[in-house]
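The values are calculated or read from the model by the stated rules, or taken from the named source; none is laboratory data. Everything numeric in this text was worked out from a predicted model, so none of it was measured. Note that each Cβ is placed from the backbone with ideal geometry, even for glycine, and that neighbours are counted across all protein chains shown.
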Amino acid sequence: MNKKDNNLKDGNMDHSKMDHSKMDHSNMDHSNMDHGKMDHSKMDHSNMDHGKMNHSNMDQGKMDHSKMDHSKMDHSNMDHDRGAMGGHAHHHHGSFKEIFLKSLPLGIAILFITPLMDIQWPFQIIFPYADVVAAVLATILYIYGGKPFYMGAKDEFNSKAPGMMSLITLGITVSYAYSVYAVAARYVTGEHVMDFFFEFATLLLIMLLGHWIEMKALGEAGDAQKALAELLPKDAHVVLEDDSIETRPVSELQVGDVIRVQAGENVPADGIIIRGESRVNEALLTGESKPIEKNVKDQVIGGSTNGSGVLYVEVTETGDKSFISQVQTLISQAQSQPSRAENVAHKVASWLFYIAVVVALIALVAWMIIADLPTAVIFTVTTLVIACPHALGLAIPLVVSRSTSLGASRGLLVKNREALELTTKADVMVLDKTGTLTTGEFKVLDVTVLSDKYSEEEITGLLAGIEAGSSHPIAQSIVNHAEAKGIKSVSFDSIEIVSGAGIEGEANGHHYQLISQKAYGKALRMDIPKGATLSILVENNEAIGAVALGDELKETSRNLIEVLKKYGIEPLMATGDNEEAAQGVAEVLGIQYQANQSPEDKYKLVESMKNQNKTVIMVGDGVNDAPSLALADVGIAIGAGTQVALDSADIILTQSDPGDIESFIELANKTTRKMKQNLVWGAGYNFIAIPIAAGLLAPIGITLGPAFGAVLMSLSTVIVAINAMLLRLDPK
């Protein structure tokens, strides 16, 4: 659901005691539901199937999601088009693609049998009663093809904000109604009255095509909550009183249940370890880059991944109180926040609507006084038809379509066009650390020799040998480092885990331990890289070597910071990682930072900056970034990140390269410039043509007839299209 849309209302429906646990919503249509006072506090959505729910017109401004259980919600086909809901609240009135394709044959038929500018052209087929046939076809086209526009106009008038839909409806209604009148007048009075069927058909088809292009360019936003739910396993292994194991759905877990989590499995629920020890990877959830050692009485988060040990966990939180559910709540709240972005085309169309109506009424009265009623009607109708926004309707969609195509060729997927304009106004960019500025993978930063008896090559061989049998990421990074250096691993006779400290083993008659700095407990005379994890190689209780491991900066991160500063965008790193790791990266890049940031902390950070009227860009890749990505004015997801982050973002960098942000900023600036150029031309034509069409210059012999008006409309549309196609990006 779009973060930009906050206009949903649901009457006084009280769902507080409804049990939705097994309801099948697969074909439910929520398009006009009013959720304003809906109480979801006790709804159980655990087995709800949202497969084909249409939420396109839901207003979630006051929906309370704080206690919703999303653990098994299926949002696979939910319509969450962010762009459509964000400045295009009327796009829910049918599929523009389907309506355009079905209307096209009718429109083409009308173009072939009705004169353009009251002149018969070679491609046209004129036969007896062709005008009557055209009137019938136009009636069908008006009712079917025009429906999304006059339904949209109805919504605009209900909200007291007539705009693009009202202007289009005005144009097609006047041209259709007057044309039908013209045909009737021919047969009743015998006099020839010019019709506007050609103009009516082209206007309707162009407007349908423009909206289809725009909707296609915007694309469908994904479903962050589905991706979150997928982090949790469907079933949990519950330990019974007799120590037997019962497999039970996660949705049926209760606080106090004891669950067994095997090596490599995702933890089913938040809890406390009561037996076992392991390393748990929480990177996707908290942003902590390294797997965390977990022992008895330590907390684990549902959705995190267990390492090599077996854990017995007592469940402490389920449903709405769980970590993942709270993240879902934050995402839902963020998506219901209104956007500060203004739809310029809609605003211009609103001005044109009022100008066209006022000028047309003035022309009607003035020409009735100056001449007669038929003359007054011609000037009035010409004014209203010329006000139709052919070029204006295509000004934005064509640029968006071109921009989207250019972005895709550079690995930039634009899901929400508002993000392009907002990026040009950005004040601050909040950057996640792990996986965004850094690789998110542990690498050996340094191997230090602490004994005269060994060389660096020998220490490296011992380190690789003692870690050779482990699948742990840190162990693998040490083994890979040795292989890259061409150093052979020392063969160990036996290797055992040292509880809470590390590992130990025998090699060549010597006893070695690889333990943490804390477990070693003695001061070391060596320089430790900022934020690095240090493991000490010990022989006979004396340190003989040390290996520092850390998360490396991506090559393009430094250049990105320079680019941001060049554009006047303040970079700020917000990470779930610890203070030391965050400070190390921040010092290298020369930027401000916030460490130990939970999803809620990041959310509040973005919220506080937005409350200061700052335009905020958020860049991230993990579950902990998803609420902030959804809340920020522009959310940019690193493509190699989690699905939930991708679904919450406006822009996706498919190549996971921070350097691509520079290309996106360039794309945003050039796209916005083209949009403004097209708006100036598309609207400028109307502002100039309307008073002339009303007869303002008639006293000096200059009038703008319907035929010439049609030529100007076509010329304006062509110029707008050519200008859009001229959008280019500088070569890398």
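Just a few scattered comments:
- Ala419 vs. criteria in contact with a strand residue (DSSP E or B) (Cβ under 9 Å, 6 or more places away or on another chain) and under 23 Å from Ser350 (Cα atoms): yes
Listed here are the residues, each with its yes/no results for (1) under 27 Å from the mean Cα position of the chain (by Cα); (2) surrounded by fewer than 17 Cβ atoms within 10 Å (Cβ to Cβ); (3) in contact (Cβ under 8 Å) with a residue 12 or more places away in the chain.
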site: Asn540; (1), (2), (3): no, yes, yes
site: Leu549; (1), (2), (3): no, no, yes
site: Leu553; (1), (2), (3): yes, no, yes
site: Leu560; (1), (2), (3): yes, no, yes
site: Ala574; (1), (2), (3): yes, no, yes
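- Any hit, segment 462-479, residues being touching a residue at least 24 places away in the same chain (Cβ under 8 Å), surrounded by fewer than 17 Cβ atoms within 10 Å (Cβ to Cβ) and of a type in the set (D, E, K, R): no
- Matching residues in segment 487-509 - criterion: being among the hydroxyl-bearing types (Ser, Thr, Tyr) and either assigned to a strand (DSSP E or B) or not assigned by TED's automatic domain parsing to the domain that holds Ile459 (or both): Ser494
- For segment 507-521, the condition of being more than 45 Å from the chain's Cα centre (by Cα), farther than 19 Å from Leu450 by Cα and free of Cβ contacts under 8 Å to residues at least 40 places away in the same chain holds for at least one residue.
- Here Tyr520, Tyr512, Tyr454 are screened, and the one residue that is in contact with a Leu (Cβ under 7 Å, 6 or more places away or on another chain), surrounded by 13 or more Cβ atoms within 10 Å (Cβ to Cβ) and of a type in the set (Ser, Thr, Tyr) is Tyr512.
- Residues of segment 160-209 classified as without any contact (Cβ under 8 Å) to a residue 12 or more places away in the chain and in a loop (DSSP other than H, G, I, E, B), total: 4
- Residue in segment 180-201 that is modelled with pLDDT of 85 or more and within 30 Å of Val414 (Cβ to Cβ) present: no
- Candidates in segment 268-305 are the residues that are within 30 Å of the chain's Cα centre (by Cα) and part of a strand (DSSP E or B); of these, the one that is modelled with the lowest pLDDT is Asn281.
- The test for being in contact with a Gly (Cβ under 7 Å, 6 or more places away or on another chain), under 28 Å from Ile474 (Cα atoms) and of a type in the set (Asp, Glu) holds for Asp621.
For every residue, the table says whether it meets (1) farther than 30 Å from Ile591 by Cβ; (2) of a type in the set (Lys, Arg); (3) assigned to a strand (DSSP E or B).
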{"residue": "Thr439", "(1), (2), (3)": "no, no, yes"}
{"residue": "Ser470", "(1), (2), (3)": "yes, no, no"}
{"residue": "Ile474", "(1), (2), (3)": "no, no, no"}
{"residue": "Val479", "(1), (2), (3)": "yes, no, no"}
{"residue": "Glu483", "(1), (2), (3)": "yes, no, no"}
{"residue": "His511", "(1), (2), (3)": "yes, no, yes"}
{"residue": "Met526", "(1), (2), (3)": "no, no, no"}
{"residue": "Pro529", "(1), (2), (3)": "no, no, no"}
{"residue": "Val538", "(1), (2), (3)": "yes, no, yes"}
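- So Ile503, is it touching a strand residue (DSSP E or B) at 6+ places or on another chain (Cβ under 9 Å) and either closer than 30 Å to Glu600 by Cα or in contact (Cβ under 8 Å) with a residue 24 or more places away in the chain (or both): yes
- All of Lys488, Lys443, Lys415 fail the test of being crowded, with 18+ Cβ neighbours inside 10 Å, in contact (Cβ under 8 Å) with a residue 12 or more places away in the chain and of a type in the set (Lys, Arg), apart from Lys415.
- Selection count, segment 584-599, where residues are at pLDDT 85 or above, part of a helix (DSSP H, G or I) and not aliphatic (A, V, I, L, M): 1
- Only residues that are surrounded by 13 or more Cβ atoms within 10 Å (Cβ to Cβ) and at positive phi were counted in segment 151-169, giving 0.
- Checked against (1) closer than 19 Å to Val300 by Cβ; (2) modelled with pLDDT of 85 or more; (3) part of a helix (DSSP H, G or I); (4) not acidic (Asp, Glu), Gly256 meets all criteria but (3).
- Inspection of segment 610-630 identifies no residue that is in a loop (DSSP other than H, G, I, E, B), at pLDDT below 85, surrounded by fewer than 19 Cβ atoms within 10 Å (Cβ to Cβ) and out of contact with any Asp or Glu (no Cβ under 7 Å at 6 or more places or on another chain).
- With respect to the stated conditions, Val449 fails to be surrounded by 15 or more Cβ atoms within 10 Å (Cβ to Cβ), farther than 15 Å from Ala548 by Cβ and not small (Gly, Ala, Ser).
- Filtered by the rule that a residue be aromatic (Phe, Trp, Tyr) and at pLDDT below 85, segment 331-387 gives Trp351, Phe353, Phe379.
- Set side by side, the residues Pro128, Pro122 differ, and just one is farther than 20 Å from Leu394 by Cα, part of a loop (DSSP other than H, G, I, E, B) and modelled with pLDDT of 85 or more, which is Pro128.
- Residue that is modelled with the lowest pLDDT [pool: residues in segment 546-577 that are in contact with a Ser or Thr (Cβ under 9 Å, 6 or more places away or on another chain) and among the polar types (S, T, N, Q)]: Thr575
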